[in-house]
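A short write-up of the structure that comes next.
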Amino acid sequence: MNKSKKYLALLVVLVLAGAGGAFYKYYSERLHYLDHHGFRHEPTTEYDLSLGFRLRKNVSMNGFRHNAQGFIGPDFQQRKPEGTFRIFCLGGSTTLGAGVETDAHAYPAILQAMFDTMQKGASKRIEVINAGVFGYRSLHTSLLVSRLLDDYQPDMFIVMDGLNDLDAAKALTLPQLCKAAGKTDGGKVEGYGLQSIEEKFELVGYRDNIRKVIDHAKARGIQVVLVSDPMRVGEDGKARLSGDNTEFAALLAFGRAVLPEINASLAHTGGVSFVNAQATFDAMLASPEAVRRAWADDLHLTRYGYYLLARDVYLRLLAMPAFVEAVGAGSPPVPGELDARFPEFVLWRPSDGMGWAKDRDVVESGGITAVNTRDSKPNGDGWSCFTPADPAFPGEIDLGNAVAGRFRVYPRIQSMRDGVGVYLVFPDGERKLLFEQKKLAEDGLWTPETAWYAVDVPQCGQCRIVVRLTGENAQLWHKAGAILFTGG
């Protein structure tokens, strides 16, 4: 090879290496922009070239089913069956259903149950598909709609984005967002956290991404409903969070102010519908007990919270002439009718707390007496549970003399046939119920293993505490015989 050919070959190698390096740098930055939390490494996800990551197909983990199409819930046909109106629910973890024990308690599944139960006379079957993915924001929704979902012949998109857009605005720097948006200004300020949050949120592109979803859908005759995530922030701007995180509280307050306003504006200009569930959830912010009933944590909802959200969406859909005409749906239910049909959500109550008590919290007793009970083998934390030895009869554990105070206990049940009651027994044998765990509706699930409940024991001279177990799957958890613990 002569000198000129060598130089040419070297030049080609250098050019290709430079191009490859530039492409790698661009793609690495793009991947970080799509997945700055690294969710692609989670066991429930897989890498995706366009989206950064997607849910794995055909897996079932932690009570959530991933179907053959890579969405949450039962399998369905990719080609829409005749006589079906297909709804895709799009968004992040609050659409997926984070915070509950099973995908059946996510709001898309509850919405499906509402249509199956209440709209049996509709001319079309309404099919609700949960396309929520934890970590997805409006950019992912826009990419899904434009690149994938047309193959499924959707009739409606219900879009609930915003929380992860806020997270991206907080987590990514101003230069990163400027570069991703193709802007060269703003690079002098790093802009971590809430610094420049208004500018950063605009650069995340929530408004433009949702507008693209609306334009794509309208061009294909697909109906769109926008939903604003309910925030644990009051109208006064004060957050009712589980911890003292002032920056996070300020971020949610910012989101509460801007997201409904943007959604309402997009709905008005785009001629689509908007559901602002915040009004419903503001009523839940009135007390700590109501907050715990609606929110599983600072962002995600409980099964009751998702029921409230699904109910707002359901009633809004039945008020949309285009939807009613498309499916032949009947009139909205009368007040209270919907709640009466779903007691497994409406009557549900959360535990008072989660997590095993510490050894220092043990309330010493003079020794327990157990009748018709059997004890399980201790788990890895040293806890075991009493259950009735003969389920046909109640089992009882007598804790001896009652000590006044507020304590925690660890009952667990599986069905409406099971029950755990804590009684104050007076010297004459009369009993007063202090606490009872019962299910008011069947949901097919065990109550959480480490859930604890508060029991208030009043002053009573010669009284005893007795715990009564009823049903095959009634359990009372204890640690080496210790049943009552402080900290309730």
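The values are calculated or read from the model by the stated rules, or taken from the named source; none is laboratory data. Remember, it's a predicted structure, so these values are computed and weren't measured experimentally. Quick reminder, even Gly has a Cβ in these numbers, built from the backbone with ideal geometry, and neighbours come from all protein chains shown. Keep in mind that these areas ignore ligands, DNA and RNA; they rest on the heavy atoms of the full protein, side chains included. Shrake-Rupley method; radii C 1.70, N 1.55, O 1.52, S 1.80 Å.
Isolated cysteines of the chain, defined as having no other cysteine beta carbon under 4.7 Å away, are C89, C178, C385. Counting only protein heavy atoms and using a 1.4 Å probe, the accessible area of W477 comes to about 20 Å². Which angle from 0 to 90°, rounded to the nearest 10, does the C-alpha axis of helix 3-34 make with the longest principal axis of the chain? That works out to roughly 40 degrees.
Rolling a 1.4 Å probe over the protein heavy atoms gives the chain an accessible area of 47 Å² per residue. Given their separation in residues at 0.36 nm each and the Cα-Cα distance between them, A257 and D428 gain 55.5 nm when the chain is fully extended. For R56, the residues whose amide H sits under 5 Å from its own are T45, E46, ignoring neighbours fewer than 5 places away on the same chain, with H placed 1.01 Å from N.
Sequentially through segment 427-439, phi angles give Karplus couplings (6.51, -1.76, 1.60; θ = phi - 60°) of x, 7, x, 5, 10, 10, 6, 9, 7, 9, 9, 9, 9 Hz, Gly and Pro residues having no value and appearing as x.
Taking 20 °C and 1.002 mPa s as the conditions, I'd like the Stokes-Einstein D for the chain in µm²/s, using the Kirkwood hydrodynamic radius from alpha carbon pairs. List each step's numbers first, then the result.
Working: Rh = 25.7 Å.
My calculation gives 83 µm²/s for D.
Bridging of K80 to aspartates and glutamates at a Cα separation below 16 Å is possible for E127, D150, D151, D155, once same-chain residues fewer than 8 apart are set aside.
Length available on full extension from S287 to E449: 0.36 nm per residue minus the Cα-Cα distance, which gives 55.7 nm. Our note on the geometry: Cα centres of segment 256-274 and segment 425-463, 47 Å apart.
Share of segment 424-488's accessible area from carbon and sulfur, percent, 1.4 Å?
Numbers: 1500 of 3060 Å².
Carbon and sulfur together cover 49 percent of it.
Using 25 Å as the Cα-Cα cut-off, could you pick out the over-long pairs in K57/K170; K170/K238; K200/K238; K170/K212? Violating the 25 Å limit, Cα to Cα: K57/K170.
Within a Cβ distance under 14 Å of D161, other residues only, what is the Lys/Arg minus Asp/Glu net charge?
On the way: positive: R137, R207, R211, K212; negative: D165, D167, D208, D229.
Summing Lys and Arg as +1 and Asp and Glu as -1 gives 0.
To the nearest 0.05, how large is the calculated FRET efficiency for D116 and A392 if R₀ is 35 Å and r is the Cβ-Cβ distance? Numbers along the way, then the final one.
Details: r = 37 Å, r/R0 = 1.05.
The value I calculate is 0.45.
Partners of K439 within straight-line reach, counting aspartates and glutamates whose Cα lies under 19 Å from its Cα and excluding those fewer than 8 residues away in the same chain: E101, E289, D339, E344, D352, D418, E449, E472. The angle between the Cα long axis of helix 303-317 and the main principal axis of the chain comes to about 50°, on a 0 to 90 degree scale.
Give, in nm to one decimal, the length gained when the segment between K238 and N379 is fully stretched (0.36 nm per residue of separation minus the Cα-Cα distance). Present the calculation step by step, with values, prior to reporting the outcome.
Working: separation 141, 0.36 × 141 = 50.76 nm, distance 4.15 nm.
Residue separation times 0.36 nm, minus the Cα-Cα distance, leaves 46.6 nm.
For a Förster distance of 41 Å, can you work out the FRET efficiency between the beta-carbons of K124 and E247, rounded to the nearest 0.05? It comes out at approximately 0.30. Projecting label points 7 angstrom from Cα along Cα→Cβ for Q462 and D298 puts them 5.3 nm apart. Return the tail of the calculated pair distribution for segment 362-488, meaning the percent of Cα-Cα pairs more than 20 Å apart. Result: 39 percent of Cα pairs exceed 20 Å. For the chain, the longest principal axis of the C-alpha atoms and the axis of helix 246-270 are separated by about 60°. Karplus-based coupling profile of segment 59-73, in residue order and whole Hz: 10, 9, 9, 6, x, 10, 8, 9, 7, 5, 8, x, 10, 7, x, with θ = phi - 60° in 6.51 cos²θ - 1.76 cosθ + 1.60 and x standing for Gly or Pro.
Assuming R0 = 25 Å, can you tell me the calculated FRET efficiency for the pair K80 and A322, based on Cβ-Cβ distance, to the nearest 0.05? Approximately 0.85, to the nearest 0.05.
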